[in-house]
Amino acid sequence: MTPYVISGATLPSGERADLYIADGCFRDPADVVGEVRRIDADGLIALPGLVDLHTHLREPGREDAETIESGTLAAARGGFTCVHAMANTEPVTDTAEEAEHVLEIAARDGHCQVVPIGAVSKQLEGVELAELGMMARSKARVRVFSDDGRCVADSLLMRRALSYVTAFDGVIAQHSQDPRLAGAGACCHESEISGRLGLPGWPAQAESVIVARDVQLAELTGSRLHVCHVSTAESVEVIRWAKARGVKVTAEATPHHLYLDTAEVIGYDTTYKVNPPLRTSEHIEAVRAALADGTIDAVATDHAPHTPQDKDHPFDVALPGMLGLEQALAVVIETMVKPGRLSWAEVAERMSHAPARIGQLTTQGRPLAVGEPANLVLVDPQATAVVDRAQSASRSRNNPYHGRTLPNPVVTTIWAGQITHQR
Ligand code: DOR
């Protein structure tokens, strides 16, 4: 491929630069010989390629909802150069063979890097540990383990999982949901609204009691804990407390928990059914403040595609989950950058550097510097658009931003020097 230069881009630091790319990496201009193609980035911000810690790609098993091909195309359109693929596929990614299988499909079909997440427990049943060591040592080099969609509720199993992964500096990414406090039927935030709608509620404490237990288990074992999709003020307080004690805990917030509140469920539109549920403005504010001050380390999408067959049901029966990859950066700009709560350098940290560190990745989340892999996204900070779910690259249509006017930032995505999205 002809070498190229991205000219006049604004770096996260605010400096302007010409970025030379050849053979998949950023190069010193003096080392680039011959013809050079020019990409004008005047007025655009260059961020390191975004890294998602939490993506449901549904393949293998539910290719009617999403495939690795369609999900990674949605990722590229959202500015991502890497996604972590959640383990709750069919079959579950709970062996080295399954993790390698995901990697093989991604090598053939992927529009970005795909890093398999391994299940914590066999079949996500929460009873016996999955083959954590074999997955870690496999070609898939699994470092993040999660039963996401389900909570590892058994304290002893959670302790063992945390202890086990210290051998390879792995991390347990927990879906914090006490299965008794928020049982199978719980389908929206427990509040005056859930009472009025007659929907079984999911109290904030069903999340924070698990977070409080897990940070203590992380302290006991000296292991790394990652808290998925933090949605409550109480969880934020617990994480802040644990970090101050030196516990190795990291946390993520989703775009939807930064932006949407529980009042969305009033029309019984199952697009807004998600786990953990959308909360109230007090919780949203606590999550935003935690993302701003670094208590929450990363933004992760929890992109959860579902078919109409799984969504077109009464609210308490429909499957939980909403799309997130294509609008993640837009929502972060709307809720955090425009109000002055995150700088561009901090967006790069929360959406690229931090998730790459948490996932122990070596070629993602790197600085935009000579010799580094050319993973980046060019961002127009001014553009806006009305979101149209019919335009999505995803196979599913459960987009909670449909019909809303939001920033439309992603102009070009480049993964390992290749353009994977250009609008
Ligand atoms: O709403 C959700 N959907 N939350 C999860 O944790 C799992 C996900 C899914 O797999 O659909």
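The values are calculated or read from the model by the stated rules, or taken from the named source; none is laboratory data. Keep in mind the model is a prediction, meaning the values are calculated, not measured. Every residue, glycine as well, gets a Cβ built from its backbone with ideal geometry; the counts of neighbours run over all protein chains shown. Side chains included, ligands, DNA and RNA excluded: accessible areas come from the protein's heavy atoms. Shrake-Rupley method; radii C 1.70, N 1.55, O 1.52, S 1.80 Å.
Some points to look at:
- Pairs linking a residue in region 353-372 that is more than 15 Å from G170 (Cβ to Cβ) and modelled with pLDDT of 95 or more to a residue that is polar (S, T, N, Q) and not in a loop (DSSP other than H, G, I, E, B), with Cβ atoms under 6 Å and 6 or more positions apart or on different chains, are G365/S352.
- Residues in region 21-45 that are without any contact (Cβ under 8 Å) to a residue 60 or more places away in the chain and not aliphatic (A, V, I, L, M): P29, D31, G34, E35, R37, R38, D40, D42.
- In region 379-400, the residues that are of a type in the set (D, E, K, R) and open to solvent by 50 Å² or more (accessible area, probe 1.4 Å): D388, R389, R395, R397
- Within region 219-230, none of the residues are within 16 Å of the ligand (Cβ to nearest atom), of a type outside the set (F, W, Y), open to solvent by less than 60 Å² (accessible area, probe 1.4 Å) and assigned to a helix (DSSP H, G or I).
- Inter-residue pairs, beta-carbon under 6 Å, first over 23 Å from E69 (Cβ atoms) and in region 400-423, second at pLDDT 95 or above and among the charged types (D, E, K, R), 6+ apart: L406/E334; P407/E334; P409/D380
- Hits in region 215-236 - residues which are free of Cβ contacts under 8 Å to residues at least 40 places away in the same chain, of a type in the set (D, E, K, R) and more than 28 Å from P400 (Cα to Cα): E219
- Criterion: under 20 Å from Q113 (Cα atoms), in contact with a Ser or Thr (Cβ under 8 Å, 6 or more places away or on another chain) and among the aliphatic types (A, V, I, L, M) - qualifying residue of A75, A41, A22: A75
- Members of region 332-377 that are under 19 Å from I284 (Cα atoms), of a type in the set (V, I, T) and surrounded by fewer than 24 Cβ atoms within 10 Å (Cβ to Cβ): I333, T335, V337, V347
- Residue check, G324 closer than 30 Å to G24 by Cα and surrounded by fewer than 21 Cβ atoms within 10 Å (Cβ to Cβ): no
- Residue match in region 248-267 (condition: charged (D, E, K, R) and within 15 Å of the ligand (Cβ to nearest atom)): yes
- Of the helices (runs of 4 or more DSSP H) entirely within region 268-385, those holding at least 3 residues that are under 14 Å from the mean Cα position of the chain (by Cα) occupy 328-332, 354-358.
- Within region 53-93, considering residues that are more than 21 Å from R423 (Cα to Cα) and either touching a Phe, Trp or Tyr at 6+ places or on another chain (Cβ under 7 Å) or basic (K, R) (or both), the one most open to solvent (accessible area, probe 1.4 Å): R62
- Under the condition of being assigned to a loop (DSSP other than H, G, I, E, B) and closer than 18 Å to R213 by Cα, the residues counted in region 142-157 number 8.
- Residue identified as at pLDDT 95 or above, assigned to a helix (DSSP H, G or I) and in contact with an Asp or Glu (Cβ under 7 Å, 6 or more places away or on another chain) among A74, A99, A136, A87: A74
- Every pair of residues 6+ apart whose Cβ atoms lie under 6 Å, when the first sits in region 138-151 and is within 21 Å of A304 (Cα to Cα) while the second is more than 14 Å from the ligand (Cβ to nearest atom) and polar (S, T, N, Q): D147/S121
- Long-range neighbours under 7 Å by Cβ, at least six apart or interchain, first residue within 16 Å of the ligand (Cβ to nearest atom) within region 88-102, second hydroxyl-bearing (S, T, Y) and open to solvent by less than 10 Å² (accessible area, probe 1.4 Å): V102/T93
- Applying the condition of being within 21 Å of P308 (Cβ to Cβ) and over 18 Å from the mean Cα position of the chain (by Cα) to region 238-265 and asking which residue is most open to solvent (accessible area, probe 1.4 Å) yields E264.
- Taking the criterion of being more than 23 Å from I296 (Cβ to Cβ) and not charged (D, E, K, R), the residues of region 154-185 that qualify are S155, L156, L157, S163, Y164, T166, A167, F168, P179, G183, A184, G185.
- Within region 401-423, the set of residues being over 20 Å from R38 (Cβ atoms), among the polar types (S, T, N, Q) and open to solvent by 60 Å² or more (accessible area, probe 1.4 Å) comprises T405 only.
- Any chance G170 is at negative phi and touching an Asp or Glu at 6+ places or on another chain (Cβ under 8 Å): no
- Complete set of residues in region 294-326 that are more than 16 Å from the ligand (Cβ to nearest atom) and of a type in the set (S, T, N, Q): T295
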